1. Find the relative contact order for region 1-117 and round it to a whole percent, using C-alpha pairs within less than 8 Å whose residues are 6+ positions apart.
2. Kindly work out what percent of the DSSP beta bridges joining two residues of the chain are antiparallel, to the nearest 5.
3. Would you mind calculating the gained length between residue 118 and residue 175 on full extension (0.36 nm times residue separation, minus the Cα-Cα distance), in nm to one decimal?
4. When the helix-only estimate is applied to the chain (DSSP H runs of n ≥ 4, each -39,500 (n - 2.57), divided by the residue count), what is the mean residue ellipticity at 222 nm, nearest 500 deg cm²/dmol?
5. Which value in nm describes the separation of the simple spin-label points at residue 61 and residue 134, placed 7 Å from the Cα toward the beta carbon?
6. Wrap a convex hull around the Cα atoms of the chain, take a quarter of its surface area, and give that in square nanometres.
7. With an 8 Å cut-off on Cα pairs and a minimum separation of 6 or more residues, tell me the relative contact order of region 13-206 in percent.
8. Run the paramagnetic zone check for residue 159: 7 angstrom along Cα to Cβ, then residues of region 34-48 with backbone nitrogen under 16 Å.
């Protein structure tokens, strides 16, 4: 994606594709998800939000995202924009887990692993070619992470909002992103809440 690219709703394309669109889809499915959770085994109804190694490597430091006064993520270079859009998925998972536990829906975000996929189709340069060849794994490995997040009994309601590492295990987020997930009253920055408020406004017209 080129810097400055927008989606049809005029959001930056990484944010529109990876955050706003999935947020809207979740809201549209929430009634049936809640109804299903009420009649299903505890913790079996889940929404898993796709993260990336870019959360740790490419997102803006220290908080994982830079936003304007409205909470809209700032336009950045390709890798930074992608990285902060994946941090947005972490914000979505943790915030929904924290604010709507009464739905019975369990949330998690996950890093599928370093995978060779079409996501790298715009990558150029010898260093990136080397990375794809020697540091990345077959795409199927990412499915192992997703399946664990979707099905593992270890992901209970008490651990809703967890971050999953490859190829299926609980992991930690960078300290700056954890601070973004907390309100100032909790010793954090409130960045995630600001971004979530912006997402709410973007999805509102379509509900």
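Derivation of every value follows stated rules applied to the coordinates shown; laboratory data play no part. The shown structure was predicted, so the numbers you read here are calculated from the model rather than taken from an experiment. Heads up, the Cβs are rebuilt from the backbone with ideal geometry, glycines too, and the neighbour counts pull from every protein chain shown.
1. Details: 163 pairs, mean separation 41.0, N = 117.
Here the relative contact order equals 35 percent.
2. Details: 5 of 14 bridges.
In the chain, approximately 35 percent of DSSP beta bridges are antiparallel ones.
3. Numbers: separation 57, 0.36 × 57 = 20.52 nm, distance 3.02 nm.
The span from residue 118 to residue 175 would gain 17.5 nm if fully extended.
4. Numbers: 7 runs with 85 residues, N = 207.
So the helix-based figure for the chain works out to -13000 deg cm²/dmol.
5. Using points 7 Å along Cα→Cβ, the separation is 2.5 nm.
6. Numbers: hull surface 47.0 nm².
Mean projected area for the chain: 11.7 nm², to one decimal.
7. Working: 328 pairs, mean separation 51.4, N = 194.
The value is 26 percent.
8. Residues passing the 16 Å test: 42-48.
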